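To start, the structure under review is shown below, and the notes come after it.
Only the coordinates and a few stated rules stand behind these numbers; no lab work does. This structure is a prediction, so every number in the text was calculated from the model and none was measured. Note that each Cβ is placed from the backbone with ideal geometry, even for glycine, and that neighbours are counted across all protein chains shown.
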Amino acid sequence: MRMRAVWRLWSPGRGSRSVGDSARRRINASCPRAAYLGLLAGMALKPVLGKLGSKRVVLASASPRRQEILCSVGLRFEVVPSWFKETLEKSSFATPYKYAIETAKQKALEVANRMHVKHLRTPDIVIGADTIVTVDEHILEKPIDKQDAYRMLSRLSGKEHSVFTGVAIVHCNSKDNRLETEVTDFYEETKVKFADLSEELLWEYIHSGEPMDKAGGYGIQALGGMLVEYVHGDFLNVVGFPLNHFCKKLVELYYPPPKHTIHHIKHDSIPSVETFENLSDEENDSSSPLQYKGAIKLDRSKTHSSGGVCSPGSSNIIKPNCMMPVENQNGVMENPDKFPSKILELLDGFRASKALFVASKLKVFDLLKNKGVLQAVDVANTINSSVCGTERLLDACAALGLLEKTLQGYSNSDSANIYLASDSEDSLHGYIIHSDDHLWPLFTHLESAVKEGTMQNYRAFGKKSENLFQDSYYQSMEVKQRFMAAMHSIAKLTAKDVATAFDLSQFRSACDLGGCTGALANELVQKYPNLKVTVFDLPEVIANVSHFQPVRQHTAPVTFTSGDFFKDNFPEADLYILSRILHDWTDEKIHMLLSKISAACKPGCGLLLSEVVLDDEKKNRSTALLQSLNMLVQTEGKERSGSEYQSLLEHHGFTNVKIILTGNLLDAIFCTKC
Ligand SMILES: Cc1cn([C@H]2C[C@H](O)[C@@H](COP(=O)(O)OP(=O)(O)OP(=O)(O)O)O2)c(=O)[nH]c1=O
């Protein structure tokens, strides 16, 4: 079989299926037990999701496979790739899985610490994982180059090997500003047997590029599946995350089984599932969309009934339509879980956004920051609103985790004090108001934007946008200040991660083109005191930057110069910066701008971009992809993938393009002029 023919079927962008789909399809076709386990995992996770719903869960992994596996069961999490280098001394571990567990643990702890220290955002749970392949007592990780991939794959040819994934679940707690962690870890082993691989097949596979970011140099979920004769164990474990074992661990952690309630459901090809009844909502977690009050017990005699009801408040209720597996007429367990929680959550999304917008606009978070705890009636009187409406808004905000509600009244959550109060240093208030006043009207015309493929400024605001910034953002003082405040909020939130993503210490002068209020520039001079930074932006912007400047800064001040980077000459510098600029424009305009920058750069000069970087297949980072829709409704630009940026940059003589996914809202790209 020729690889290329198959590649066409599976390659992204040609209607290929996701890893999750392909993985699931394989499971179903070849391994009924694994298929069942897949379903079990999905079901088992749902009630646990209620537990995790109110928690900040972080996946400390850059692996798109892991993200997809966890996404596919509806877990909500942030992705913050770990910076931990996988360099532990292998020989110091008694077994390979201990090595994988320790690496997973270190990956997760690194992220927990970094988030705690750098972002003041202590997560509740950080998940780390590490996948290794072992053959003939050797541990194989990701190949460093094609030769290395060749060595690995020829070692695996014709043999059975083991794939171990170590997983660490780190629970975090911030006490007196110190991070406390509690680690739960486990591993899963899957045996995989490779067919005999001919040299030709082997090299063709290596040249497909697939082996490079995968342990053992193969991806079982894609082309690499053709090399495999059999799999014993959890398929998803090979793909990078043992979902089933993970779910069981969560159940163990959150629903420790009271011994007397354990029922075993047995079936020939199906494992006992003592976890199910413990997944009922005895603890009554209000954050779960699948929330039903009262203890719900599994009554096997009734699981055949077709019309099980889930009603709140009653005990001894069977809910086969909600979470539990039921046996069909043939005695085979089926997943009856048709509850569309993910879809319902999306459906609700706009209501939650609007509640946040309105509470921000009415300055609820400012009021509660100043006053501490208030009853709804006091809030209503102060913000000049009805008591019944205010109470519902406050209750919704409390349920969304923005406020806390006690008998004494409502108060801000910690994150509301940090991010929602308009006067706090890291406030997102500006961006929230911009989202309500500007993006919301634009998004109501998303359908037209999709049909026409163009921005919707005219429909939303009755203004033609021949010159995007002049016409849309700088037409009135009020809109301009709102827009600048919005950009400032995001720049402040991301500046530290962008400024520290690369070592820029060799540069003496920098020019931030379109640098707006100078938030990134001010961060750069803090980090590099010898760097002189100039912000170059339109005169309308520069005229308004003064009240965004830091009050106490012990470094040389940032300089501001006005001009239009498309038309005017910009200041000389050995480092140019474009933060959230390229995404506003078409490729044509980007070429124009990059060619101007390239002409201004001497060899060795640097160019730092900060943008949302899409994954190459444009399917994994939903926040980034939604941001691309955001660009569609309001600009002629779009978000781009790493390779798209790379080819734009290389076209203008910039080389050594490096990309860092910061885990924050903006990523960082750095390259130098050759
Ligand atoms: C064996 C095998 C591995 N893999 C992948 C899973 C992991 O992503 C990768 C193993 O490398 P890891 O170091 O475990 O993970 P990673 O570097 O991709 O991500 P991070 O360290 O940020 O968590 O190999 C497959 O996708 N398919 C396979 O068949």
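Past 32 Å, Cα to Cα, is the threshold; run Lys214/Lys248; Lys463/Lys527; Lys369/Lys480; Lys342/Lys451 against it and keep the listed order.
Cα-Cα > 32 Å for Lys463/Lys527; rest within.
Translational diffusion coefficient of segment 346-424 (Stokes-Einstein, Kirkwood radius from Cα pairs, 10 °C, 1.306 mPa s): 130 µm²/s. Beyond 24 Å, how much of the Cα-Cα pair distribution for segment 490-673 remains, as a whole percent? Cα-Cα pairs of segment 490-673 separated by over 24 Å account for 33 percent. Electrostatic tally near Ser598: other residues with Cβ closer than 12 Å to its Cβ, Lys and Arg +1, Asp and Glu -1, net +2.
Each principal axis of segment 554-659 carries a Cα extent, and these read 40, 33, 27 Å when sorted largest first. Checking every one of the chymotrypsin sites (Phe, Trp or Tyr not before Pro) in segment 47-135 against DSSP loop status and a limit of 15 other Cβ atoms within 10 Å picks out Trp83.
If you average over every viewing direction, what projected area does the convex hull of the Cα atoms of segment 400-550 give, in nm²?
12.2 nm²
Loop-located trypsin sites (Lys or Arg not before Pro) in segment 93-177 (DSSP state not H, G, I, E or B) with no more than 15 neighbouring Cβ atoms inside 10 Å: Lys159. At q = 0.15 Å⁻¹, what log₁₀ I(q)/I(0) does segment 45-254 have when each alpha carbon counts as one equal point scatterer in the Debye sum? Computed log10 I(q)/I(0) values: -0.92. Summing charges over all other residues whose Cβ lies under 10 Å from the Cβ of Glu523, with Lys and Arg as +1 and Asp and Glu as -1, gives +2.
Phi angles of segment 414-426 translate, via the Karplus equation with coefficients 6.51, -1.76, 1.60 and θ = phi - 60°, into HN-Hα couplings of 4, 6, 5, 5, 7, 10, 9, 5, 6, 9, 7, 4, 9 Hz per residue; Gly and Pro are given as x.
Among the chymotrypsin sites (Phe, Trp or Tyr not before Pro) in segment 547-577, those placed in a DSSP loop whose Cβ has at most 16 other Cβ atoms within 10 Å are Phe566.
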